[in-house]
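Peer 1: Quick one: this structure, given as structure tokens, is what I'll be asking you about.
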Amino acid sequence: MPKSKIFGAVMVILAAAAATPAAAQGITYLECNMTAGGEGDDIIWKLALDERAKTVSFEHPQASGTLPATFAADKVTWKGGRFSVSRINLTFSREFLGVVDTGKCKVVQPPKRAF
């Protein structure tokens, strides 16, 4: 096979990989709504669950970051199990200072990127 055909085939494969949707790459984007302490204003959490890398990236008004996560058949947990998202019904829970707050998530599209 001529080198030009091999190069062309490689370029097609690379272009297809770059165009692969985030879900096919193992990343699920969620937006979760939680009422802190069961009262007060709702807190919106933006989560990116990366099953391939075994991480969760999070963003909410007070903090953001990326942490190691455990991906089980029924839920994803991080921070020693203090945070979890159900893979069954999208329930989100957080244990903080002995109080368990719960909320609900929805699957959202990945953010639009300029580059």
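Rule-based calculations on the coordinates, nothing more; no lab input. As the structure is a computational prediction, the values presented were derived from the model and not from experiment. Here the Cβ positions follow ideal geometry from the backbone for every residue, glycine too, while neighbour counts run over all protein chains shown.
Peer 1: Order of PHE92, PHE71 from fewest to most other C-beta atoms within 10 Å? Could you put the intermediate results ahead of the total?
Peer 2: On the way: PHE92 21, PHE71 17.
Listing PHE92, PHE71 from fewest to most nearby Cβ atoms yields PHE71, PHE92.
Peer 1: Compute the signed sum of charges (Lys and Arg +1, Asp and Glu -1) over the other residues within less than 15 Å, Cβ to Cβ, of PHE92. Don't skip to the end; give the middle numbers.
Peer 2: Numbers: positive: LYS46, LYS75, LYS79, ARG82, ARG87, ARG94, LYS104, LYS106; negative: GLU31, ASP42, GLU59, ASP74, GLU95, ASP101.
For residues surrounding PHE92, the net value is +2.
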